[in-house]
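Everything on this sheet refers to the single structure shown next.
Just so it is clear, none of the values below were taken in a lab; they were calculated from the coordinates. Please read these numbers as outputs of a predicted model, since none were measured by experiment. Glycine gets a Cβ as well: all are built from the backbone with ideal geometry, and neighbour counts include every protein chain shown.
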Amino acid sequence: MGENTDTATLIALGEEYFHNPHALHAELREETAARQVLLPRGLKVWLVTRYDEARLALADPRFSKDIAGFRPLLERHHVGTNEPTRFDQSLVQHMLNSDPPTHTRLRKLVTKAFTARRVEQLRPRIREIADELLDAVAGRREADLIDALAFPLPLTVICEMLGVPPEDRADFRRWTDALVSGSDPQLIESTGAAMAGYLSALVDKVRADPGDDIFSALVHATDEDDRLDRTELISMAFLLLVAGHETTVNLIATGVHNLLRHPDQLAALRADRSLMPGAIEEFLRYEGPVNQATFRFTTEEVTLGDVTLPEGEFVLVSLMSANRDENRFPGGEAFDITRHAGGHLAFGHGIHHCLGAPLARLEGEIAVNALLDRYDIALAAEPDTLRWRTSTLMRGLYTLPVSLSARGPR
């Protein structure tokens, strides 16, 4: 293998895949280490589905993330009549789209602001937000858990970290949903421009009047007289905003969904809350918030298992598929909150490992603990009627209807 595949022989990722990607992943893991597929808007990419090869592709420098190298490849690998999606350039100059030494410089500056101490200091506020949100549905017999808790909790946290006022947060939900799940290139372009304009004004505001928040620390972070320039700050704000809430929405909602689908696991967690940290890791492993990691491309010929990828090929690593690889996680298709899920790739691997992983874990633990403290819950819809987002990047439900029954005094 290694020659460009004829389009007619490619597996096209469409509605059936979005509803249940696990079936195709299992099939591909059996067949080969990587398979060329066609994305919904007509881009040919190699999909990596096995754990060992995924781990290699996430960390090997022959798989580049330099945004400048993407542009010439888009035309070469784009087929069909759909226009390639184009993002506002001020939103893409961040560390997730860069290689060393640029990545090293950006990550070092962001790490100075995004410290473990700052994240841990958020614990009381996160619990307060969770309690306020659960208070708001008290007395209701049914609620959409995404609207009630899973979405507003991380969005409120990240917006407070960035200094985004409450009245502007509805715009961010609309913008990020369009950018992550959208298929309309014109909408994506206009949405990107609106978000870039807003974040540009936010950077100016924080530069002039810094507060005691993480974004102010980021704007003013320095390292031997080096600091992020204006475009880098706008891009970093965008990355923190999208990565800082989109992933955690799905971690909470999909995790609870899988607890409800596995009543024995829910009962075990209710009975022993010391299982919660391990349960969060199993949420992440079994059906993590990110399906496929963001784009990479080969800078030279690379062999992955039984497949040789030519230079200049787009590569997507399926984190969800790798995390169900039976060779790494025996019984990987089973949901078991008592398993040792360490080593999963839900937050990536290597130099691009998610900087916000501690915050996502903290928000997930607090949200699920608060929910189980307050309510007995059950799925209020037939499982097959739930709709999954049409995104190759994110794995998340549009809605999660649950019935609520208040528990006795805590």
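Taking label points 7 Å from Cα along the Cα-to-Cβ direction, GLU382 and GLU132 give a separation of 3.9 nm. Along its principal axes, the range 49-207 has C-alpha extents of 56, 42, 40 angstrom, given from the largest down. Among the lysines, which fall within straight-line cross-link reach of LYS108, defined as a Cα-Cα distance under 23 Å, with same-chain neighbours fewer than 8 residues apart omitted? Leaving aside lysines fewer than 8 places away in the same chain, those within reach of LYS108 are LYS65. Only the Cβ atoms of Lys and Arg (+1) and of Asp and Glu (-1) were treated as charged; on that basis the dipole of the chain about its Cα centre amounts to roughly 700 debye.
Based on the convex hull around the alpha carbon atoms, the chain presents an average projected area of 19.7 nm². The dipole here belongs to the range 191-266: it is taken about the Cα centre, uses +1 on the Cβ of Lys and Arg and -1 on the Cβ of Asp and Glu, and is about 460 debye. Computed over the chain, relative contact order equals 25 percent, with contacts defined as Cα pairs under 8 Å that lie 6+ residues apart.
Within the chain, the selection of entire DSSP H helices by a Cα span of 24 Å or greater along the long axis and an average Kyte-Doolittle value of at least -1.0 returns 185-208, 230-261, 357-374. A simple rule links phi to the HN-Hα coupling: the Karplus curve 6.51 cos²θ - 1.76 cosθ + 1.60 with θ = phi - 60°, which for the range 294-311 gives 5, 4, 10, 9, 7, 9, 7, 5, 9, 9, 10, x, 9, 10, 10, 9, x, 5 Hz, with x for Gly and Pro.
Look at the dipole of the chain built from charges on Cβ: of LEU359, LEU134, LEU284, the Cα furthest out on the positive end belongs to LEU134. Report, by chain and number, residues whose modeled amide H sits under 5 Å from the one on LEU304, excluding near sequence neighbours (fewer than 5 apart, same chain). Result for LEU304 returns LEU309.
In this structure, ASP213 and ASP373 have a Cβ-Cβ separation that, at R0 = 25 Å, corresponds to a calculated FRET efficiency of about 0.30.
Give, to the nearest whole percent, the P(r) tail of the range 149-249 beyond 23 angstrom, counting all Cα pairs.
Working: 1261 of 5050 pairs.
I get 25 percent for the Cα pairs in the range 149-249 exceeding 23 Å.
Summed over qualifying helices (DSSP H, 4 residues or more, each -39500 (n - 2.57)) and divided by its residue number, the chain shows a 222 nm mean residue ellipticity of -15000 deg cm²/dmol.
Taking 13 Å as the straight-line reach from the Cα of LYS44, the aspartates and glutamates in range (excluding those fewer than 8 positions away in the same chain) are GLU3, ASP6, GLU75, GLU313. Taking a straight Cα-Cα cut-off under 19 Å and skipping sequence neighbours fewer than 8 places away in the same chain, the aspartates and glutamates within cross-link reach of LYS205 are GLU160, GLU167, ASP168, ASP171, ASP213, ASP229, GLU232.
Dipole of the chain computed with +1 at Lys/Arg Cβ and -1 at Asp/Glu Cβ about the Cα centre; of THR111, ALA196, VAL242, farthest Cα towards the positive end is THR111.
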